[in-house]
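Each remark here refers to the structure printed beneath this line.
The values are calculated or read from the model by the stated rules, or taken from the named source; none is laboratory data. Just so you know, these numbers come straight off a predicted model, no measurement behind them. Note: ideal-geometry Cβ built from the backbone for every residue, glycine included; neighbour counts use all protein chains shown. Keep in mind that these areas ignore ligands, DNA and RNA; they rest on the heavy atoms of the full protein, side chains included. Shrake-Rupley method; radii C 1.70, N 1.55, O 1.52, S 1.80 Å.
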4 protein chains.
Amino acid sequence: MSFRWPVRVYFEDTDAGGIVYYANYFRFLERARTEWLRALGYSQESLRSDDILFVVREVRARYLRPARLDDELTLTVRVESSRKASLVLAQEVLRRNEQGEEECLVQADISIACMNHGGRPQGIPAVILNAMTSSADGQAG
Amino acid sequence: MSFRWPVRVYFEDTDAGGIVYYANYFRFLERARTEWLRALGYSQESLRSDDILFVVREVRARYLRPARLDDELTLTVRVESSRKASLVLAQEVLRRNEQGEEECLVQADISIACMNHGGRPQGIPAVILNAMTSSADGQAG
Amino acid sequence: MSFRWPVRVYFEDTDAGGIVYYANYFRFLERARTEWLRALGYSQESLRSDDILFVVREVRARYLRPARLDDELTLTVRVESSRKASLVLAQEVLRRNEQGEEECLVQADISIACMNHGGRPQGIPAVILNAMTSSADGQAG
Amino acid sequence: MSFRWPVRVYFEDTDAGGIVYYANYFRFLERARTEWLRALGYSQESLRSDDILFVVREVRARYLRPARLDDELTLTVRVESSRKASLVLAQEVLRRNEQGEEECLVQADISIACMNHGGRPQGIPAVILNAMTSSADGQAG
C-alpha cells in the first residue's frame, strides 16, 4: 500500500533511443514525492515557512523495462524506513500491460534528510512523520 | 474558447532565478497540444500509423509574468489559422491570481506543418482539421 | 561576424523522433549567450553584484533542419538592435555539412530587457553595451 | 586515474533551490561517459553500426555538496569492475575549492549492460573492454 500518482510520457521525456531518458525518471519520482506531501497537507511553500527542507542525500534506481512515448505510468511512494532526521522512500514506476497487470519498470530508493535553511540537520516533526507513515499504511493503491 | 490543460510547476521546471526556466514553457505547450490531439481522438501512435507527422516549423513566445514553484497553470490551445498543409496555433499559459481572475503569463504562436514520414508536406486530413477547428469553437474554457 | 560557441548533441537533448527536442535549442541558445557575456567579462555572478539582470522578454525561432545525436553544432550571438533598456539578439544554430559548408538549422531572435533585482527597467550600462556591440563587429566567426 | 571531462553549470541545470537539480547530474554523468567512449574511438554512431548497445541497468548516486550556477565541474569515469557482458563505472562530480583542492560533490556507480539491438545480452568486444580498462589505468587526471 503506497501513495500513487499518474504520469503521462511526452516527447520531452524520451530520447533518440525511443524510450524515456534514464535521468528523467528522477523527475517523475520527485513529482510523486511532491504530490504525496501535498496530499498529506504539506506544500513546498508551507514546509519552507516552517523552516523545513527535505534534501535528497542518495538515490538508487534499477531499470527493469523501458517506458515509451504516450505510456501512462503510475508512480508510487512508500516509507521504507525512518530515523530521527532522515528517511528512506521506496518508489516504483509501474505500467499496466496488455493483460491488465501492473509491471514494475523502475525500482528506486531515495534517501532524504531533514534540515533547516541554515543547512543543519533537524528532526522530522512528529506530525509530519506520522502522516507519512500512516499514509503508507492506509492509502490503498 | 479553446482547449485547456492543467500543468503543475515542480522543481524540475524552475531555475536558480526562482522561476520557470524560459525553455520549459515549450514543454508545457507541447503537453497541451498532445492532450488536445488525444482529446480529439488522435494519439501520437494513431497519427504515426496513418503516416501523419505534425512538425513544429516556427515558434514565438512573449513572456509577460513569471510562473513559480507549486503554481497551478492552465495551458490553452486554439487554431489561429490553417492552410492546406500547415496551421498556426495560439497558445497561452494562464494562472489565476488572488482575485480569482486568470492572468496570462506567456503568449505563444506555434506554426505546425503536416508531413509524411518521408518528410514530404501533405495536406492535413479534412477529418482532423474539422475536429481541430470545431474544438476551438465548441469547447468552453 | 558574431560570437561563436560549440555545442555537442547528447542523448539528453534528443527525443523519440530521433532529433533534438524543439525546446532544447533554447537551452543551447542560452549557453551561448552566457558564454558571450563571460567572454566580454561579465559572469552571471558579476552582473548580479552590479544589480543588473538580463531578462528574456520574447523569443522567436524558425526550425529549418533538425540536429541529431552526436552532431557538433555552432551557436552564434549577434546584437541585432539595441535601445536604452533592451536589445534584440540574432542567434543561429549552425552545422557543417559533408561539403564543409555551414548550414543554418535554427534561426532565433531573442528580445532581452535589462532590469534591477526589484524588477524595474534600467538602462544597459554603456560599458556593457559597447562591449556587446563591438564584439559583434570585431570577433570573427 | 580516470577520464576527465569539464562541464559548466548553466541556468538550465539549476532549480529554484539555487543549486543543480538532482536529476541533472545524471545528464552530466552521461556526457562524460559519451566523451570517454569517443576518446577511446567509439562514437554512438560507430557502436550502433557494430550492433552494440550500452544500456544503463542500475544507478546509484550520493549527493555530498551542491553545485551552483556558473560552477566549473569536472566529471570523471573509471571502470570499477567488469564481467563478460556488463561493467560498473565509478563516476564523480568534482569542483575545485578556493584552496585549489578538488572536492567531490557527487559519487556515482553506474551499471551498464552490453546488448545487441534485438535486446539480447552480448559480450563486450575485447578490443573495447581493453581500451576502457587501459584508459582507466593510463590517462592521468
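Scanning region A:46-57 for residues that are more than 14 Å from chain D (Cβ to nearest Cβ) and in contact (Cβ under 8 Å) with a residue 40 or more places away in the chain yields A:50, A:51.
A quick yes/no check of all residues on (1) within 14 Å of chain C (Cβ to nearest Cβ); (2) in contact with a Gly (Cβ under 9 Å, 6 or more places away or on another chain); (3) crowded, with 19+ Cβ neighbours inside 10 Å:
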site: B:2; (1), (2), (3): no, yes, yes
site: B:8; (1), (2), (3): no, no, no
site: B:18; (1), (2), (3): yes, yes, no
site: B:32; (1), (2), (3): yes, no, yes
site: B:59; (1), (2), (3): yes, no, yes
site: B:64; (1), (2), (3): yes, no, no
site: B:77; (1), (2), (3): no, no, yes
site: B:85; (1), (2), (3): no, yes, no
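Filtered by the rule that a residue be open to solvent by 20 Å² or more (accessible area, probe 1.4 Å) and of a type outside the set (Asp, Glu), region D:94-114 gives D:95, D:96, D:97, D:99, D:100, D:104, D:107, D:111. Here residue A:93 clears all of (1) within 14 Å of chain D (Cβ to nearest Cβ); (2) modelled with pLDDT under 95 except the condition numbered (2).
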